[in-house]
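Trainee: Please read through the structure below; I'll follow up with questions.
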Amino acid sequence: MMNKKNVAISGNHRRPGLTYWEKSQNLWGWLFIFPTMLGLVILNIWPMLQSFYQTFFRTGDFGRGNIYIGGQNYIQLLKDSEVWQALWNTLKLTLLQVPVSIAIALVLAVLLNRKMRGRAVYRAIFFLPMIAAPAAVAMVWKWLYNSQFGLLNHLFHTKIEWISNPAIAWISIAVIGIWSSIGYNMVLFLAGLQDIPKDYYEAGAIDGATGPAAFFRITLPLLSPMIFFVLVTSVISGLQVFDSIYMIMSKSNPALPKTQTIVYLFYQYSFVNGNKGYGSTIVILLLAVIMLITALQMKLQKKWVFYN
Amino acid sequence: MRSSKNLFTTLLIHLVLIIFSIIMIIPFAWMILTAFKTVTESTSVNPFVIFPSKWLPDAFITVWENMNFLLLYKNTLLLIFWRVVCACLTSTFAGYAFARLNFKGKNLMFALVLFQMMIPSQIFIIPQYLMVSAIKMTNTIFALVFPGLVSAFGTFLMKQAYMSLPKDLEEAARLDGCNILQTFLFVMAPLTRSTLAALAIFTALFAYKDLMWPLVINTSNKMMPLSAALATMQGQYSSNYPELMAASLIASLPMIILYLFFQKQFIQGIATSGGKL
């Protein structure tokens with residue numbers, strides 16, 4: 001037995017006796033990761049299990065008076081048209097917000113990716129929404145959208161009820177999301193564009209690929225890993241929209257049922273209605289949707305993402 | 001011929017960029033313009049008032065007196081400070097270990113870190129809330145900082161930074177007789193300063209923007225950060241837009257000033273950290 005072990009080790013080109021440095025790696029390694037792992041267990045792993053556990057209970061206030069109800073929360077969830085409407089609202093919002101933001105950010109990044117006057121100023125302006133507090137952003141948009149006194153209706157000479165018409169409100173919310181995320185996405189694309197070697201374009205120019213042809217044949221394929229990354233992360237954060245709904249859609253707003261997102265509903269059930277069991281069930285649904293969509297994107301990436 | 005075409009292209013590019021700049025700025029401009037108006041002016045339709053007839057600071061004075069902004073700044077600053085310190089400190093140690101040390105269970109532990117990054121954070125909120133209330137720590141700075149004590153994302157980011165450093169440096173330090181802690185502290189850690197700065201900016205920005213957790217955990221007006229205080233005040237001043245806009249400006253100004261000074265670091269920080277998320 002002993003012999004076999006030694007053979008196995010030497011077969012891996014390991015020296016027979018561990019040096020001090022190698023032995024101490026075990027100790028130091030664990031010491032170094034200990035604070036992080038302890039934190040992750042307390043703050044994330046345990047809470048995640050706890051949330052899952054909660055879905056089998058009806059919760060009284062402050063988590064007290066838990067009553068075991070088996071799978072009833074899940075049965076209620078399946079029949080709850082409000083939840084499915086909220087899920088549909090969330091998907092619609094993401095489906096509009098993410099592609100538009102990525103497309104605009106991509107165009108702006110390509111336009112800015114050259115030596116030009118005012119480059120830093122433009123970049124700083126586009127990034128500005130990222131710096132503002134979401135509550136402030138939501139308030140000013142609510143004010144711009146105001147149907148009576150708002151700037152938008154004045155500028156367009158319209159009388160549109162931007163945030164109380166159920167057919168329009170979700171688009172208005174998406175516009176805020178687009179406006180807020182363009183600069184962030186653009187900065188990531190700019191970083192990706194700078195990694196594309198210049199000689200690719202020179203070689204392309206010799207073959208006649210300039211302007212739009214260069215964009216579609218060179219820029220887009222070489223940037224596709226970054227686009228994929230931005231797509232995946234924006235979809236995940238799009239599915240978690242809360243701030244703008246919470247700030248803009250008041251309880252009496254007739255468009256609320258057609259606009260509220262899944263995270264907003266989770267917040268309402270968990271912290272306003274105090275039913276943490278059902279709130280947890282809603283968040284488990286969100287987790288399942290995010291995992292499903294992300295897995296789907298990972299699968300689809302083989303069709304369009306170009307890795308060299 | 002060629003140069004006139006180039007000039008045309010340049011002008012066209014600037015035109016597109018200027019149009020988008022205006023779209024990005026309008027909400028901020030409208031915030032400022034509204035904040036200096038009277039309520040009557042802000043709700044005047046006929047004629048519609050774009051520029052205030054007199055630039056009155058009244059709304060600023062009222063909200064400054066009604067909301068304890070100095071306290072809100074202090075809460076926000078402490079929230080940001082502790083989250084940045086904790087996340088950077090724990091992540092830099094863990095990142096180094098995951099990148100450069102071999103220890104038992106490393107792969108499993110790192111899988112836990114990655115797994116956590118993919119989970120929507122709302123799933124943690126209820127249990128985190130119950131924990132903080134169980135130890136009777138709601139309405140404290142500790143409660144605000146709590147979910148950000150460690151950072152899976154930061155750990156991942158720092159691991160990437162350490163992996164990109166050359167191996168010879170460590171070998172040299174080791175031959176000079178440094179133990180692992182010394183090698184890490186004196187040789188390796190200083191080389192990741194720029195990534196650490198990126199992580200700090202990223203953490204600070206998201207701590208400042210976080211809304212749901214502060215709303216849930218600190219319901220006392222005295223212990224709120226700016227984001228939650230602004231959200232709460234909206235209910236109280238519902239239709240006084242000059243005051244709402246003035247408060248929004250007062251809340252946003254410190255971060256915007258910081259941004260204007262450290263613009264390059266902000267954007268680079270987001271590009272480095274965001275790009276590797």
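Trainee: Per DSSP H run of at least 4 residues, take -39500 (n - 2.57); add these up for chain A, divide by its residues and hand me the 222 nm value, nearest 500 deg cm²/dmol. Before the final figure, lay out each step's value.
Mentor: Values: 15 runs with 210 residues, N = 308.
Mean residue ellipticity, 222 nm, calculated: -22000 deg cm²/dmol.
Trainee: Segment B:1-83: which trypsin sites (Lys or Arg not before Pro) are DSSP loop and have at most 15 other beta-carbon atoms within 10 angstrom?
Mentor: When the trypsin sites (Lys or Arg not before Pro) of segment B:1-83 are filtered for loop state and at most 15 Cβ neighbours within 10 Å, B:Lys54 remain.
Trainee: Next question. Would you mind giving the mean number of other chain beta-carbons within 10 Å of the Cβ of each residue in A:98-109, as a whole number? Spell out each step's value before the answer.
Mentor: Values: counts 0, 0, 0, 0, 0, 0, 2, 0, 0, 3, 4, 0.
Per residue, the number of nearby Cβ atoms from other chains is 1 on average.
Trainee: Restricting to DSSP H runs of at least four residues, report the calculated mean residue ellipticity at 222 nm for chain B, -39500 (n - 2.57) per run over all residues, nearest 500 deg cm²/dmol.
Mentor: -23000 deg cm²/dmol
Trainee: If you bin the C-alpha pair distances of chain B every 5 Å from 0, what whole percents do you get?
Mentor: Once binned at 5 Å, the Cα pair distances of chain B give 1, 5, 9, 11, 12, 12, 12, 10, 8, 7, 5, 3, 2, 1, 0, 0, 0.
Trainee: Here is a further query. Provide the descending list of Cα extents for the protein assembly as shown along its principal axes, expressed in whole angstroms.
Mentor: 95, 80, 47
Trainee: Under a point-charge model restricted to the Cβ atoms of Lys and Arg (+1) and Asp and Glu (-1), what is the dipole moment magnitude of chain A relative to its Cα centre, in debye to the nearest 20? Display every interim value, and only then the final one.
Mentor: Values: 24 positive and 10 negative charges, 118 e Å.
So the magnitude is around 560 debye.
Trainee: Quick one: which of A:Lys258/A:Lys299; A:Lys258/B:Lys37; A:Lys142/A:Lys258; A:Lys115/B:Lys159; A:Lys303/B:Lys167 span more than 25 angstrom between C-alpha atoms?
Mentor: A:Lys258/A:Lys299; A:Lys258/B:Lys37; A:Lys115/B:Lys159; A:Lys303/B:Lys167
Trainee: Within 10 Å of each candidate Cβ there may be at most 12 other Cβ atoms; applying that plus a DSSP loop requirement, which trypsin sites (Lys or Arg not before Pro) in segment B:98-137 survive?
Mentor: B:Lys104, B:Lys136
Trainee: Now for a different question. Which residues' amide hydrogens lie under 5 Å from the amide hydrogen of A:Phe57, considering only partners 5 or more residues apart or on another chain, with H built in the peptide plane?
Mentor: Amide H neighbours of A:Phe57: A:Ile69.
Trainee: Here's another thing I want to ask about it. Which number comes out as Rg/Rh for segment B:2-61 once both Rg and the Kirkwood Rh are worked out on C-alpha atoms?
Mentor: Details: Rg = 18.2 Å, Rh = 14.1 Å.
Rounded to two decimals, Rg over Rh is 1.29.
Trainee: For segment A:247-287, which trypsin sites (Lys or Arg not before Pro) are both in a DSSP coil and crowded by at most 12 other Cβ atoms within 10 Å?
Mentor: Qualifying residues, ordered by number: A:Lys251.
Trainee: Treat each spin label as a single point 7 Å out from the Cα along the C-beta direction, and report the A:Leu292 to B:Leu78 distance in nm.
Mentor: 4.4 nm
Trainee: Taking only Cα atoms, what is the 0 to 90° angle, nearest 10, from helix B:226-236's long axis to the longest principal axis of chain B?
Mentor: Long axis of B:226-236 versus the principal axis of chain B: about 30 degrees.
Trainee: Still on this structure, I have one more. Report, to two decimal places, the Cα Rg of chain A normalised by 2.2 N^0.38 Å (N = number of residues).
Mentor: 1.33
Trainee: Can you sort A:Asp243, A:Asp207 from fewest to most other Cβ atoms within 10 Å of each residue's own Cβ? Can you show the working numbers first?
Mentor: Numbers: A:Asp243 25, A:Asp207 10.
With the sparsest Cβ surroundings first, the list reads A:Asp207, A:Asp243.
Trainee: Going by C-beta contacts inside 10 Å, put B:Arg174, A:Arg114 in order with the fewest on the left.
Mentor: Least crowded to most crowded, the residues run A:Arg114, B:Arg174.
Trainee: While we're here: Filter the DSSP H helices in chain A by two things, a Kyte-Doolittle mean of at least 0.0 and an axial alpha-carbon span of 24 angstrom or more, and list the hits by number.
Mentor: For chain A, where a helix must reach 24 Å along its axis and average at least 0.0, the hits are A:20-40, A:81-112, A:169-194, A:220-238, A:276-304.
Trainee: A further question on this structure: Please list, in order, the residues from segment A:197-218 whose amide nitrogen is less than 20 Å from a point placed 7 Å along the Cα→Cβ vector of A:Lys303.
Mentor: Taking a point 7 Å out along Cα→Cβ of A:Lys303, the residues of segment A:197-218 whose backbone N falls under 20 Å are A:217.
Trainee: Sort B:His14, A:His157 so that the residue with the fewest other Cβ atoms within 10 Å of its own Cβ comes first and the one with the most comes last.
Mentor: In increasing order of surrounding Cβ atoms, one gets A:His157, B:His14.
Trainee: Could I ask something else about it? Need one value for A:180-188: mean number of C-beta atoms belonging to other chains within 10 Å of its residues' C-beta atoms.
Mentor: What the average comes to for A:180-188 is 3.
Trainee: Mind pulling the angle between the C-alpha long axis of helix B:263-274 and the longest principal axis of chain B? Nearest 10 degrees, somewhere in 0 to 90.
Mentor: That helix lies at roughly 50 degrees to the long axis.
Rule-based calculations on the coordinates, nothing more; no lab input. Predicted model only: the values in this text are computed from it and were never measured. FYI the Cβ positions are ideal-geometry reconstructions off the backbone, even for glycines, and counts take in every protein chain you see.
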